[in-house]
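Worksheet: one structure, shown below.
The values are calculated or read from the model by the stated rules, or taken from the named source; none is laboratory data. Just so you know, these numbers come straight off a predicted model, no measurement behind them. Here the Cβ positions follow ideal geometry from the backbone for every residue, glycine too, while neighbour counts run over all protein chains shown. For accessibility, only protein heavy atoms count, side chains too; no ligands or nucleic acids. Shrake-Rupley method; radii C 1.70, N 1.55, O 1.52, S 1.80 Å.
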Amino acid sequence: MTETATNQRPGPNTFQRVTQGDEAIGLTPAGLQDAIVLRRRRLLVLVLNLATLILLLAGLAQVLGAGGWTVADVAIFVAFLVGAPWTVLGFWNAAIGLWLLHGRKDGLAEVAPFAAAGQRATPLSLRTAVLMTLRNEDPARAFRRLEVVKRSLDETGEGIWFDYFVLSDTNDPAVAAGEQDLAAAWARELGEPARLIYRRRAENDGFKAGNLRDFCERWGERYALMLPLDADSVMSGETILRMARMMQAYPKLGILQSLVVGMPSRSAFARIFQFGMRQGMRPYTMGSAWWGGDCGPFWGHNALVRIAPFRDHCDLPVLPGGPPLGGAVMSHDQVEATLMRRAGFEVRVLPVEGGSWEENPPTMLEFAKRDLRWCLGNLQYLKLLDLADLKPMSRFQLVWAILMFLGLPAWTLMIALLPLKAMEDRTIADYPAALTAGLYVLFLAMYLSPKLAGFADILLTRGGVRRYGGAARFLFSALIETLFAFLQGAVSSFRTTLFMIGLAFGKARIGWNGQARDAHALTFATAFAGLWPHLLFGIYLFAGLGVIAPTVLIWSLPLTAGYLLAIPFAMLTAWPVAGAWLARHGLCAIPEDFDMPPVLAAIRDGDSA
């Protein structure tokens, strides 16, 4: 099986190329970028982030130091130091992304120079295995999605280059029987049993990473590439084909991640969440790809992966110690990305929308389950920071993934100290109220900046708001999502904080099982059982601030209202009537709601049959 090289790589007149071993000094491994230019971009982003953080800390120190430093002041300062970097980098990623989208003639070429290879009608010469990993999912639902992917690939005329695997870790006998029956029926329908293979493991050793490794060791020699799909994800044949051509053109491209966006949903929670996520992801991913370059992200699905280096170099270690942080790695994808880059292969993201979707959790409680699994998986990276020979950028990615969740209890601590801080500051005659308000508003804007940049991108793009049902619908949807983001952020951060406290005392446990993916209502009893701690925390904050500093309480509402409203918020956003109302009025809709691609239409028709 031969991989063909493209003639579109940078030529000798672009910059000097000196070969040493398999890599070119001055170029990234796939020959896609000048490594010196990439290092300069990273240095610029580092300077911008450090300067911004220092200015914020200086302003905060002036506010906290008014009247002298107390224990609460020191705790708030340290917590801000832990929690703020994620927001600051998000701001700069969004700013750079928006600049690339609207301030540069061809911003995509600067972040994805490999993308042009996908537009050329180059015949395929690489075989790809399309994999769907399952564990106790609805078999009919999952198989329907894989069948739609196959049909879409066949319609490109290149379907012969793709085979299909259903890799099951299901331990529910009834679900397993359903999987086996559907796989056998589909194989008979195809008339080519070798093109569809169903395999079920008795034990899910290594979780999803172990599932993929088992495939690589048993069947990996047959294929050059694999395309992992989750039970809730789907891709169009045209997008897969374009990405396969990119991988074929650049043999040192190890992982190519698509930009995954949400599918149309009947759930109000999923509908609002993915509307905002879609806006934030686009400029954020574009900006991060500008300086991340060859050390890009891998999200574990909807990505093409080169099997040989993945099999040979991306085997995850079993972490020392017992649970919760010991054992198999749960959040495997980012670690695999760092190992792929260590092996001399680039990891890239294609930061453009189109042909790659997933379904988001339908309720706040289901979202929290997924988030806590990610939290535990990311915290396991603490035991991987000493992996040998990682690229500095790759090691930073692991640290950053850890800070993503460590920052949440830091923010919770700051908010918990608000009543105490308000009481301490009541006697300060020359309190810097204007500076405090300015810092607060500035930081809220930075927190929202990825979504604000996404909203601006749509408004600045010709025909952008039309794809979202018009300007009025789009702007009203943006307002709904902004309110939603504040409420959801409070609920999610507090739940993660409680989980991490449980981890510290060895009380928290997370499994890997099937997820509820369809819209459904939450009863008061269910919502109360999952969110009563939020209610108590909210009562503490509102009672304390209401007595001590009512003005501070009003200013704090964007960050604190979510605690008190957690239970009705979870119930309302899960209520099918609310989802139906949003859909009927075209609110928080995505372009696919108004112009549904054939792939998604086939899934919709199959799910409603």
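With the alpha-carbon atoms of the range 517-600 aligned to their principal axes, the span from lowest to highest coordinate is 57, 29, 19 Å, starting with the largest. Where the alpha-carbon atoms of the range 26-153 are placed on the principal axes, they occupy 70, 46, 28 Å, in descending order. Taking only alpha carbon atoms, the range 383-465 gives an Rg to Rh ratio of 1.16, where Rh is the Kirkwood radius.
Report the full-extension gain for the segment Tyr440 to Asp389: residue separation times 0.36 nm, less the Cα-Cα distance, to one decimal in nm. Could you put the intermediate results ahead of the total?
Numbers: separation 51, 0.36 × 51 = 18.36 nm, distance 4.10 nm.
That pair, Tyr440 and Asp389, stretches by 14.3 nm at full extension.
Between 0 and 90 degrees, the angle of helix 207-219 with respect to the longest Cα principal axis of the chain falls at about 10 degrees.
With R₀ fixed at 30 Å, the C-beta to C-beta distance from Leu325 to Tyr540 puts the FRET efficiency at about 0.50.
Every Cα-Cα pair of the range 333-392 was included, and the share exceeding 19 Å stands at 55 percent.
For the range 377-416, the alpha carbon positions stretch 41, 17, 12 Å along the principal axes, listed from largest to smallest.
DSSP beta bridges confined to the range 17-171 are antiparallel in about 35 percent of cases. Residue separation of Leu459 and Trp99 scaled by 0.36 nm, minus their Cα-Cα distance, works out to 128.2 nm of gained length. Solvent exposure of the chain amounts to 42 Å² per residue of accessible area, where only protein heavy atoms count and the probe is 1.4 Å. Compared with the dominant Cα axis of the chain, that is its longest principal axis, helix 35-64 is turned about 20°. Simple rule: put +1 on each Lys or Arg Cβ and -1 on each Asp or Glu Cβ in the range 288-429, find the dipole, and look at His332, Leu403, Phe310; the Cα lying farthest toward the positive end is Leu403.
Compared with the rule-of-thumb size 2.2 N^0.38 Å for a compact globular protein, the range 171-218 has a Cα radius of gyration ratio of 1.28. Could you tell me how far the Cα centroid of the range 29-87 sits from the Cα centroid of the range 358-380, in Å? Going from one Cα centre to the other spans 27 Å. Label sites at Trp532 and Arg188, each approximated as a point 7 angstrom past Cα along Cα to Cβ, lie 5.2 nm apart.
Given C-alpha coordinates of the range 453-543, what is the ratio Rg to Rh with the Kirkwood estimate of Rh? My calculation puts Rg/Rh at 1.11.
Normalised Debye scattering of the range 328-468 at q = 0.14, 0.16, 0.19 Å⁻¹ gives log10 I(q)/I(0) of -1.04, -1.16, -1.26, counting only Cα atoms as equal scatterers and leaving out solvent. For the range 398-416, backbone nitrogen atoms closer than 19 Å to the point 7 Å from Leu382 Cα along Cα-to-C-beta are found at 398-414. Secondary structure note: in the chain, about 35% of the DSSP beta bridges are antiparallel.
Quick one: ranking Tyr198, Tyr563 by accessible area, 1.4 Å probe, largest first, what do you get?
Values: Tyr198 55, Tyr563 5 Å².
Sorted descending by solvent-accessible area, the residues read Tyr198, Tyr563.
Cβ-Cβ distance of Ala521 and Arg218, R₀ of 35 Å, FRET efficiency by 1/(1 + (r/R0)^6): the value works out to about 0.25. Short to long, the 20 Å bins of the Cα pair-distance histogram for the chain hold 18, 54, 25, 2, 0 percent of all pairs.
Only helices enter the 222 nm calculation for the chain: every DSSP H run of n ≥ 4 contributes -39,500 (n - 2.57), and dividing by all residues gives -19500 deg cm²/dmol, rounded to 500.
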